[in-house]
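Following: one structure in structure tokens, then a few remarks.
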Amino acid sequence: MTDVAPLHVWFAGGQSGAWRVERINAVAGRPLTAVNQIAVRHGQEPPLPQGSAWALRGVTSYERYVQRAERSALVARSPSLGRPEATHAALIPIRKSASWWDLTQEDRRAIFEERSRHIATGLEYLPAIARRLYHSHELGEPFDFLTWFEYAPASTELFEELVGKLRQTEEWAYVEREIDIRLMRLDHAA
């Protein structure tokens, strides 16, 4: 969440990668092809594992709906990704409807935070759950956002509570495609 160059990421689903897929569910819209593992690669065009069934691309960007005080709170409480104890993860690609993108920035902000309380809700779960948002809308990808979360096994119920709350908000009425992929880091898998 610091002011650094955009970070490009690819999530490649297939038969190799550091993350084992525990489950993959289509919450809304078409599913993704089921895969056993996900490889995470950084860079604009990194080599992807051969035989990948799919690859999702995103990039970090400026925070579109966050105000200064909210950003300060997020920075102060957000843990880094890659913590040793955070052996569980979730990749949740989301595409919002055309009606969402037809709204003005101000109207999207009002739905996102003033009525749905997306940021305030997320703050309740920090630092137990680390997260990073990647934007894909401007890249012409099939999803608008790739949301990546990492957490310790003891925080699994907290994560379920977090996504449950967010899916009950007005904002989620604009989600037309959402895939929920739960993962375990292979160096920790039984």
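The values are calculated or read from the model by the stated rules, or taken from the named source; none is laboratory data. All figures in this text were calculated on a predicted structure; none of them were measured in a lab. Cβ: placed from backbone, ideal geometry, glycine included. Neighbour counts: every protein chain shown.
Numbers for the structure displayed
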| item | result |
| --- | --- |
| Flag for Ala90 being surrounded by 12 or more Cβ atoms within 10 Å (Cβ to Cβ), touching a residue at least 60 places away in the same chain (Cβ under 8 Å) and over 14 Å from the mean Cα position of the chain (by Cα) | no |
| Top-ranked residue in the stretch 174-190 [being more than 16 Å from the chain's Cα centre (by Cα) and surrounded by 13 or more Cβ atoms within 10 Å (Cβ to Cβ); ranked as farthest from Pro93 (Cα to Cα)] | His188 |
| One residue from Leu139, Leu146 being modelled with pLDDT of 95 or more and either in contact with a Phe, Trp or Tyr (Cβ under 6 Å, 6 or more places away or on another chain) or of a type in the set (A, V, I, L, M, F, W, C) (or both) | Leu146 |
| Scan of the stretch 156-190 for residues that are of a type outside the set (A, V, I, L, M, F, W, C) and farther than 23 Å from Trp19 by Cβ, ordered by number | Lys165, Gln168, Thr169, Glu170, Glu171, Tyr174, Glu176 |
| Residue within the stretch 162-172 that is within 15 Å of Glu124 (Cβ to Cβ), free of Cβ contacts under 8 Å to residues at least 40 places away in the same chain and either outside any loop (DSSP other than H, G, I, E, B) or within 14 Å of the chain's Cα centre (by Cα) (or both) present | yes |
| Residue ID - surrounded by the fewest Cβ atoms within 10 Å (Cβ to Cβ), chosen from residues in the stretch 110-149 that are of a type in the set (Asp, Glu) and more than 21 Å from Lys165 (Cα to Cα) | Glu138 |
| Members of the stretch 24-64 found to be over 28 Å from Tyr174 (Cβ atoms) and among the small types (Gly, Ala, Ser), listed by number | Ala39, Gly43, Gly51, Ser52 |
| Test result for Ala28, small (Gly, Ala, Ser) and farther than 16 Å from Phe145 by Cβ | no |
| One residue from Arg131, Arg182 being under 25 Å from Glu114 (Cβ atoms) and of a type outside the set (A, V, I, L, M, F, W, C) | Arg131 |
| Candidates Arg95, Arg20 - the one that is surrounded by 11 or more Cβ atoms within 10 Å (Cβ to Cβ), within 20 Å of Ala130 (Cα to Cα) and either out of contact with any helix residue (DSSP H, G or I) (no Cβ under 9 Å at 6 or more places or on another chain) or in contact (Cβ under 8 Å) with a residue 12 or more places away in the chain (or both) | Arg20 |
| Any hit, the stretch 28-42, residues being surrounded by fewer than 17 Cβ atoms within 10 Å (Cβ to Cβ), closer than 23 Å to Thr121 by Cα and in contact with a His (Cβ under 9 Å, 6 or more places away or on another chain) | no |
| The stretch 68-87, residues that are of a type outside the set (A, V, I, L, M, F, W, C) and free of Cβ contacts under 8 Å to residues at least 40 places away in the same chain | Arg68, Ser72, Pro84 |
